[in-house]
Amino acid sequence: MASELMPMETSTERWETAIVDGNLERLQPAERLELVRRICEATGLTLESQPFQYLRLSGKLVLYARRDATDQLRRVHRVSVAIVSRETTDGVHVVTARATMPDGRTDESTGAVPVKGLQGDAIANALMKAETKAKRRVTLSICGLGMLDESEVETIPGAAVEPLALPAPAQAAPTAPAERKAGVKALAEMARLGREAGVDAAFWLGIKSHYNVKQSADLTAVQAANVIADLQMMIEEREAIQGEGK
């Protein structure tokens, strides 16, 4: 029976499938997140802004770039994008965008949308979508990211978007409630017992240093109770010594 069981797929095999075939399906959720994290680090993107999302396409789970990804890429890498042409042929409006990097390197990509039969707001939106496609595609291309853009995903039949699950932010440890300060009566009792015990200024300095406070009023109720107990013990010991001397 054991010989009939399929051997467990190793992490290396899963990564090989993801990198060679571009299919993230077999990666564990933590491995997928690690892949996205590495892409973000390599391209200067912020993971927390979720620049990428998952897309089920033709039986594969792939990444596509959201608008925030291309916006960040242009800002981080100082990519300049300009429209170099617009033309409509056979009912399809095509826009060509050129991207230029600070080092002078350039790249061009097109964005195309069907406009046949469209009028008013519909054709206006289609023309803007073609320009958006061109700008985003050329941004991804010149930055070395060969993946679909958000504006392209909307036009792909059967494409199913899946959210990118980020780990929940670490919760701060609950803050312990502040300890109650010593009351006026406790402080007055401390002062009275201190006089009765005959302690000097060095004693009170030692108390402040021990409890790391600047003044007696900063002591907590528990700390004050401890000081009171110590003073009472000192008084009792002194009285006991005096009693023995009589």
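Key figures
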quantity	calculated
3J(HN,Hα) from dihedral phi, segment 79-95, Karplus parametrisation 6.51/-1.76/1.60, rounded to Hz, x for glycine, proline	7, 9, 10, 9, 7, 9, 7, 9, 7, 10, 9, 6, x, 10, 8, 10, 10
Between segment 19-59 and segment 118-137, the Cα center-to-center distance that results, in Å	28 Å
Table column - 3J(HN,Hα) (Hz), segment 141-154, Karplus curve with 6.51, -1.76, 1.60, x for Gly and Pro	5, 6, 8, x, 10, x, 9, 5, 9, 3, 5, 7, 4, 4
Trypsin sites (Lys or Arg not before Pro) restricted to segment 64-108 and DSSP loop, no more than 15 other C-beta within 10 Å	Arg78, Arg105
Mean separation of Cα contacts under 8 Å (6+ apart) over length of segment 184-241, as relative contact order %	52 percent
Karplus-derived HN-Hα couplings along segment 64-70 (A = 6.51, B = -1.76, C = 1.60, θ = phi - 60°), whole Hz, x at Gly and Pro	9, 8, 7, 4, 4, 5, 5
GNM top mover of Thr70, Thr220, Thr132 - the chain, alpha-carbon springs below 10 Å	Thr220
Which label in (1) 18.3; (2) 32.2; (3) 13.1 gives the computed mean projected area of the Cα convex hull in nm²	(2)
Lys pairs, the chain - Cα-Cα below 22 angstrom, 8 or more residues apart or on other chains	6
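Here, each number is a calculation from the coordinates, and none is a lab measurement. Computed from a predicted structure; not experimentally measured. FYI the Cβ positions are ideal-geometry reconstructions off the backbone, even for glycines, and counts take in every protein chain you see.
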